[in-house]
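Following: one structure in structure tokens, then a few remarks.
The values are calculated or read from the model by the stated rules, or taken from the named source; none is laboratory data. Worth saying up front: this structure is predicted, and the values here are computed from it rather than measured. Because the Cβ atoms are built from the backbone with ideal geometry, glycine has one as well, and the counts that use them run over all protein chains shown.
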Number of protein chains: 2
Amino acid sequence: MNNLESIAKLIRYYSLIMSTEAGSGHPTSSLSAADLMTGLLFGGTFRYDLDNTHHPNNDRLIFSKGHASPLFYSIWAAAGKLTEQELLTFRKFTSPLEGHPTGEFKYTVAATGSLGQGLSIGVGLALNAKYIDKLPYRTYVLLGDSEMAEGSQWEAMEIAAHYKLDNLIGIMDVNRFGQRGETMYGHDLSVYKDRASAFGWEAIVIDGHHMPQILTAFKQALQAQERPVMIIAKTIKGKGVSFIEDRNGWHGRPLKKDELSRALAELGAVDKSVRGSMEKPEELKPAERFPSNIQPLSYAADKPVATRRAYGTALERIFPAFPNMVVLDAEVSNSTYSELFKAKYPDRFFEMYIAEQNMIGAALGLSLRGNIPFVSTFAAFLTRAFDQIRMSRYSNANIKFCGSHAGVSIGEDGSSQMGLEDIAMFRTLLDSVVLYPSDAVSTEKLVEEMAQHRGIVYLRTTRKDTPILYRNDEVFRIGGSKILKSSKADIAVIAAAGITVHEALRAYEELKKENIMVRVIDLYSIKPLDSTTLLHAARDTGAVITVEDHYAEGGLGEAVLSALSATGVPVHSLAVRKMPRSGKPDELLAFEGISSRGIMEAVRKIAKKR
Amino acid sequence: MNNLESIAKLIRYYSLIMSTEAGSGHPTSSLSAADLMTGLLFGGTFRYDLDNTHHPNNDRLIFSKGHASPLFYSIWAAAGKLTEQELLTFRKFTSPLEGHPTGEFKYTVAATGSLGQGLSIGVGLALNAKYIDKLPYRTYVLLGDSEMAEGSQWEAMEIAAHYKLDNLIGIMDVNRFGQRGETMYGHDLSVYKDRASAFGWEAIVIDGHHMPQILTAFKQALQAQERPVMIIAKTIKGKGVSFIEDRNGWHGRPLKKDELSRALAELGAVDKSVRGSMEKPEELKPAERFPSNIQPLSYAADKPVATRRAYGTALERIFPAFPNMVVLDAEVSNSTYSELFKAKYPDRFFEMYIAEQNMIGAALGLSLRGNIPFVSTFAAFLTRAFDQIRMSRYSNANIKFCGSHAGVSIGEDGSSQMGLEDIAMFRTLLDSVVLYPSDAVSTEKLVEEMAQHRGIVYLRTTRKDTPILYRNDEVFRIGGSKILKSSKADIAVIAAAGITVHEALRAYEELKKENIMVRVIDLYSIKPLDSTTLLHAARDTGAVITVEDHYAEGGLGEAVLSALSATGVPVHSLAVRKMPRSGKPDELLAFEGISSRGIMEAVRKIAKKR
């Protein structure tokens, strides 16, 4: 106990000095959880190989309250893995100790800092332990009370209980203050207890600064059966420094140098040599998974198939070659066709219900343990989780997204169900891959490429059946494109993807009758774009028409514009520019000017000028 | 009672025939709530002026489960406001009866269809009733059980309880089936009851097909004190047609013609002449609000002020001219400076805690009652609510968004806190306005323009203090720009906004010393863009450099590219292209090549080619 008290004091010392040195940071948010973390990591609960951060059976710790990063780094210093000198590089440009934890720091599991996301990541890690790797490691998530207002946390709560994740432990640091004032419930822990219980968790209420209670709680949590555990700890923000304890106005505020002196005087003698120890995990490994061959495609050239369906059959077909795939869906698997995978490999499919934010967070957690998550829902509903998608990139996640029901061409369901901004959303992620295949063959081939590629990939699928355009042995690469029609007399390039490729081909046939020739390019890889082919075609023809079932901003049109900006070749963008609505798919495509007719009108205008 | 049963039967009849006629739609989801809605609207509870949908004291009804649109339209037909013929136009391109309710239909309060959003809209309407208009109208929200998995619903639950919204009634249609299968809890209503209670609501459990219980529940709900009410109704999906009742596989599936015949035979004789009636609301109006004059600006030219701070002072300054403004913030009002408004007009400020999705939904609700909501948080965290923002556009909402802490220039907090994709996100909304002022004067002027403009406007603000660039009497318009530096010898245009305007001005001064002249344009209105000025400058100089503290995709650079695509003038885009991290603001700007030095290097390359 004495040892733990010394460690906690050292951690408090570290948290204070590093934020003062940086001139920014969140010391009070760190101090409130110092005893909890000391008890967890060094009190005999947490099992971790400090020299092997990738040990499959390591317990895992996520700081959902990522702003308590001083505490996070101090923990590992107290474990002997960082020096005081290194801690003092906190928040500097060249330091791995960033303002909120990122993968630059080797002990970070996932990048956090956007609140309310850590518990979902924990769900993913726990799902992996219980259902995939079948290892006994525990996942611990440090939560702020203020961030429990985020609905995403309650998605994680309900899903964790539903999947009986008794290997997931939340630790709620109820220090009663948010950033600008008191939380809704202050120190009324009964609110959190009642809610956690109502959501199916075992709730343990403790004094977050009483080490015996802390240790007992963690011991009790290890005994959990069938239910996840929420330790709800009453804490004091700024605990340990009287003049910053339990008061508003100290969130995100480092102590000035004179204040620090006072604080350190209060703390008293700090034993800087004390170190905490952690027992290593049991030497257990997940069963190895061996890839095997996959079946080739056998699409009949004359039978139209929806690309959304091809996504489902692809998942099922390629799994033998990628045995670490897992598939997640948000209550629409009969629409996205991920149900085809579910039928064949139910152990690798996780229904995530109508809770997209948690689905993405869990996918991140799963990906961090070597799985390849394929996550699907309607393209429109992926916007529900843009913050989680954004943050997953900062964890260098290897997640594959599929958004179905792209564009106005879904028809009668109307605007709420139409994905019209999803290409723009996914394009913003650094080094993301954005794919939009036009037929079932290319869809299946690209799903295979997705699985091979390391990083975030987004695939957009279409609701209605579309004709087969390619042979079963055609090759499709990320960054590639297909020239479907080409002649020396082409007066324009039609750059299309997905549903509009078919409209472009129809336009081609009609224009040919009028002796107007156009080049048609299937730009199935919107990012990275096949600039070489586009540039060549642009210079050849002198005019480019882009056509997409997507809003005008940030989509295929602007991607092409960016690629061709140095050429001086005019680019005419056809896109959804009018308020979308219910109607037949063909009516809507025509209404938005992105049907074959709209393309033909654009081409004829160009033809007139020549 | 007999009358209500007849009406319910008529509504079932309508729901079935219209979806069969359309060949799509959700009849079973409509049938499960038919008795609940019949009891609510025609059983003496709902008070509504059928000839005045805008009556300020009308009760309001939101279909959070928007896919039950057949039920929604059938209700109003049963009230005598639609004919059977009109119902049969359901989902047709020319019909106001869209697949999910939109404003095309006059009785729709807000467009729904993306699940889990209706309760937040209800929160906004209820906040308006209780705290702003001070009218006794009630807001009713029909909820599906499956969509209660959405975290956003629990944000609405907690906020509604916190604000004691006893004028908000949720009606949960627990029909136990989602789209692809059973929900997590089936018909175990105790789960919903315990959770609603734990979240501070009064929970009333009923049989959703027993009219006496239904009417009693609504009566009881009218007596609510200090707590919102959740009526949890056990229902049968497809109720009324035996072969589709309570079974999986019938979600979103209209009956075929032969199935319809069987169903109608089961229903039996339908009294098509029966009509339901609603009592009109009390003739009460909200107090009128009279605009008065606002103070002019008085910024000292030599004192740098952060644009985020100017946002706060602007809210406070312009309120007298816009007395129907309300301000919402998500626990960061001391960072966004909305706290300045809160201090002066606390009755018009609503703390929405760390729950951005609910904040936007509530803002939509508030806007629907004639308020002008100004909604703020960090730009990065607005991505949390992209789906709600997307859907608000489909309600033609009049919401003003402010995202602070834009870009890498926030410094040490690091990537999780940096808004780098927000311009792209807001540009995708049809006819949205996207503003990014560079100094405090232009910020304040643009906040005023925001309030005047009808529609969605997004304003991006900067964390650090920046110099005053403009005179206090300068005029700024949506769609405008400012040429800050111009000469006949300009070899390039630097098109910048926000923080990079200052970098551009620094670059200008340095380049001038090298006898290289550049035009500097403050493109504070990114959408709509001042194409005229840009085109003129592009043609004048022959080269354009865009520079933005934002990712390369979908932002200022691509907006400029789109505007200049016909000119053939090369556009060089400087943007954030490397993984951002903690560091000093100036270090990070330089690292990303968007500092004055990055601009100068780009200009020198152009100069060399001349």
* Structure fact -> In the set A:ILE389, A:ILE354, the lone residue that is crowded, with 24+ Cβ neighbours inside 10 Å, of a type in the set (Val, Ile, Thr), touching a residue at least 12 places away in the same chain (Cβ under 8 Å) and out of contact with any Leu (no Cβ under 6 Å at 6 or more places or on another chain) is A:ILE389
* For A:GLU601: the one exception among (1) within 18 Å of A:VAL493 (Cα to Cα); (2) in contact (Cβ under 8 Å) with a residue 12 or more places away in the chain; (3) acidic (Asp, Glu) -> (2)
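Conditions tested, residue by residue: (1) surrounded by 24 or more Cβ atoms within 10 Å (Cβ to Cβ); (2) of a type in the set (Val, Ile, Thr).
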| site | (1), (2) |
| --- | --- |
| A:HIS405 | yes, no |
| A:THR428 | yes, yes |
| A:THR443 | yes, yes |
| A:GLU448 | no, no |
| A:HIS453 | no, no |
* Quick one: would you say A:VAL332 is among the hydrophobic types (A, V, I, L, M, F, W, C), surrounded by 24 or more Cβ atoms within 10 Å (Cβ to Cβ) and at pLDDT 95 or above? -> no
* Somewhere in the range B:405-422, is a residue over 20 Å from B:THR307 (Cα atoms), in contact with a helix residue (DSSP H, G or I) (Cβ under 6 Å, 6 or more places away or on another chain) and more than 12 Å from chain A (Cβ to nearest Cβ)? -> no
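Which residue out of B:VAL433, B:VAL441, B:VAL447 is touching a residue at least 24 places away in the same chain (Cβ under 8 Å), in contact with a helix residue (DSSP H, G or I) (Cβ under 6 Å, 6 or more places away or on another chain) and of a type in the set (A, V, I, L, M, F, W, C)? Quick ask: steps written out before the conclusion?
Details: B:VAL433 fails: in contact with a helix residue (DSSP H, G or I) (Cβ under 6 Å, 6 or more places away or on another chain); B:VAL441 fails: in contact with a helix residue (DSSP H, G or I) (Cβ under 6 Å, 6 or more places away or on another chain).
The match here is B:VAL447.
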* Structure fact -> Just one listed residue, out of B:ASP166, B:ASP173, is more than 9 Å from chain A (Cβ to nearest Cβ) and more than 17 Å from B:ALA224 (Cα to Cα), and it is B:ASP173
* Residue that is farthest from the chain's Cα centre (by Cα), among those in the range A:390-399 that are more than 8 Å from chain B (Cβ to nearest Cβ) and either assigned to a helix (DSSP H, G or I) or at pLDDT below 95 (or both) -> A:ARG393
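Would you check if there is a residue in the range A:401-415 being within 24 Å of A:GLY151 (Cα to Cα), under 10 Å from the mean Cα position of the chain (by Cα) and in contact (Cβ under 8 Å) with a residue 40 or more places away in the chain? Before you say what the answer is, go through the steps one by one.
As a first pass, look at the range A:401-415 and keep what is within 24 Å of A:GLY151 (Cα to Cα): A:401-403.
Now restrict to residues that are under 10 Å from the mean Cα position of the chain (by Cα): A:401.
Subsequent filtering for residues that are in contact (Cβ under 8 Å) with a residue 40 or more places away in the chain retains A:401.
Yes, the range A:401-415 has at least one match.
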* To do: State yes or no: is A:SER24 buried (at least 22 other Cβ atoms within 10 Å of the Cβ), within 14 Å of another protein chain (Cβ to nearest Cβ) and out of contact with any Ser or Thr (no Cβ under 7 Å at 6 or more places or on another chain)?
  => no
* Structure fact -> Among strands (runs of 3 or more DSSP E) entirely within the range A:507-588, at least 1 residues that are more than 14 Å from chain B (Cβ to nearest Cβ) and not polar (S, T, N, Q) occur in A:519-522, A:544-551
* helices (runs of 4 or more DSSP H) contained in the range B:175-278 and holding at least 1 residues on the phi < 0 side of the Ramachandran plot and touching a strand residue (DSSP E or B) at 6+ places or on another chain (Cβ under 9 Å) -> B:189-198, B:211-222
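Out of the residues in the range B:89-116 that are surrounded by fewer than 24 Cβ atoms within 10 Å (Cβ to Cβ) and under 20 Å from the mean Cα position of the chain (by Cα), state the one that is nearest to the other protein chains (Cβ to nearest Cβ). Even if it seems obvious, please write down each step before you answer.
Pass one, the range B:89-116, residues surrounded by fewer than 24 Cβ atoms within 10 Å (Cβ to Cβ): B:89, B:92-96, B:103-107.
Okay, now just the ones that are also under 20 Å from the mean Cα position of the chain (by Cα), so B:103-107.
Details: B:GLY103: 10, B:GLU104: 7, B:PHE105: 11, B:LYS106: 16, B:TYR107: 16 Å.
Only one residue tops the list, namely B:GLU104.
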* Asked: Which one of the conditions (1) in a helix (DSSP H, G or I); (2) of a type outside the set (S, T, N, Q); (3) without any contact (Cβ under 8 Å) to a residue 12 or more places away in the chain does A:HIS54 fail to meet, given that it meets all the rest?
  -> (1)
* Out of the residues in the range A:176-205 that are more than 10 Å from every other protein chain (Cβ to nearest Cβ) and in contact with a His (Cβ under 9 Å, 6 or more places away or on another chain), state the one that is surrounded by the most Cβ atoms within 10 Å (Cβ to Cβ). => A:PHE177
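Would you check if there is a residue in the range B:6-16 being within 14 Å of another protein chain (Cβ to nearest Cβ) and touching a Gly at 6+ places or on another chain (Cβ under 9 Å)? Walk me through how you get there before you give the answer.
If we filter the range B:6-16 for residues that are within 14 Å of another protein chain (Cβ to nearest Cβ), which is where we start, we get none.
No, every residue in the range B:6-16 fails to be within 14 Å of another protein chain (Cβ to nearest Cβ) and touching a Gly at 6+ places or on another chain (Cβ under 9 Å).
Might you check whether a residue that is within 14 Å of chain A (Cβ to nearest Cβ), in contact with a Leu (Cβ under 7 Å, 6 or more places away or on another chain) and crowded, with 19+ Cβ neighbours inside 10 Å occurs anywhere in the range B:69-80? Let's see the steps before the verdict.
The first filter runs over the range B:69-80 and keeps only residues within 14 Å of chain A (Cβ to nearest Cβ), leaving B:69-70, B:72-73.
Filter once more, keeping what is in contact with a Leu (Cβ under 7 Å, 6 or more places away or on another chain): B:73.
Filter once more, keeping what is crowded, with 19+ Cβ neighbours inside 10 Å: B:73.
Within the range B:69-80 (the criterion being within 14 Å of chain A (Cβ to nearest Cβ), in contact with a Leu (Cβ under 7 Å, 6 or more places away or on another chain) and crowded, with 19+ Cβ neighbours inside 10 Å), the answer is yes, since at least one residue qualifies.
Look at the range A:499-518 and say how many of its residues are within 39 Å of the chain's Cα centre (by Cα) and buried (at least 24 other Cβ atoms within 10 Å of the Cβ). Explain how you work it out, then say what you get.
From the range A:499-518, those within 39 Å of the chain's Cα centre (by Cα) are A:499-507; that's our starting set.
Of the ones still in play, those that are also buried (at least 24 other Cβ atoms within 10 Å of the Cβ) are A:499-501, A:503-504, A:507.
Number of matching residues: 6.
Yes/no matrix, rows are residues, columns are (1) among the small types (Gly, Ala, Ser); (2) in a loop (DSSP other than H, G, I, E, B); (3) more than 14 Å from every other protein chain (Cβ to nearest Cβ); (4) in contact with a strand residue (DSSP E or B) (Cβ under 6 Å, 6 or more places away or on another chain):
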{"residue": "A:LYS445", "(1), (2), (3), (4)": "no, no, yes, no"}
{"residue": "A:GLU449", "(1), (2), (3), (4)": "no, no, yes, no"}
{"residue": "A:TYR458", "(1), (2), (3), (4)": "no, no, no, yes"}
{"residue": "A:ARG463", "(1), (2), (3), (4)": "no, yes, no, no"}
{"residue": "A:ARG477", "(1), (2), (3), (4)": "no, yes, yes, no"}
{"residue": "A:LEU484", "(1), (2), (3), (4)": "no, no, yes, yes"}
{"residue": "A:GLU503", "(1), (2), (3), (4)": "no, no, yes, no"}
* To do: Exactly one condition in (1) more than 11 Å from every other protein chain (Cβ to nearest Cβ); (2) in contact with a Phe, Trp or Tyr (Cβ under 6 Å, 6 or more places away or on another chain) is not met by A:VAL434; state its number.
  => (1)
* Asked: When the range B:369-387 is examined, which residues are found to be part of a helix (DSSP H, G or I) and more than 9 Å from every other protein chain (Cβ to nearest Cβ)?
  -> B:ALA379
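Just to verify a result, which residue in the range A:282-317, among those that are acidic (Asp, Glu) and in a loop (DSSP other than H, G, I, E, B), is farthest from A:ASN371 (Cα to Cα)? Before you say what the answer is, go through the steps one by one.
Of the residues in the range A:282-317, the ones acidic (Asp, Glu) are A:282-283, A:288, A:302, A:316.
Add one more test, that the residue is in a loop (DSSP other than H, G, I, E, B), and what stays is A:282-283, A:288, A:302.
Working: A:GLU282: 21, A:GLU283: 20, A:GLU288: 12, A:ASP302: 37 Å.
Residue satisfying both the conditions and the ranking: A:ASP302.
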* Answer yes or no as to whether A:ILE132 is over 19 Å from A:ARG390 (Cα atoms) and either surrounded by fewer than 24 Cβ atoms within 10 Å (Cβ to Cβ) or at pLDDT 95 or above (or both). => yes
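Quick one: is A:LEU119 within 12 Å of chain B (Cβ to nearest Cβ) and either in a loop (DSSP other than H, G, I, E, B) or surrounded by fewer than 24 Cβ atoms within 10 Å (Cβ to Cβ) (or both)? Spell out the reasoning first.
Working: within 12 Å of chain B (Cβ to nearest Cβ): yes; either in a loop (DSSP other than H, G, I, E, B) or surrounded by fewer than 24 Cβ atoms within 10 Å (Cβ to Cβ) (or both): no.
Answer is no for this residue.
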* Please work out which one of (1) in a loop (DSSP other than H, G, I, E, B); (2) within 24 Å of B:MET278 (Cβ to Cβ); (3) within 14 Å of another protein chain (Cβ to nearest Cβ); (4) of a type in the set (Ser, Thr, Tyr) is the condition B:THR45 fails and give its number. => (3)
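Can B:GLY181 be described as at pLDDT below 95 and more than 29 Å from A:MET184 (Cα to Cα)? Step through it out loud before you land on a result.
Numbers: at pLDDT below 95: yes; more than 29 Å from A:MET184 (Cα to Cα): yes.
Considered against the rule, which asks whether it is at pLDDT below 95 and more than 29 Å from A:MET184 (Cα to Cα), B:GLY181 comes out as yes.
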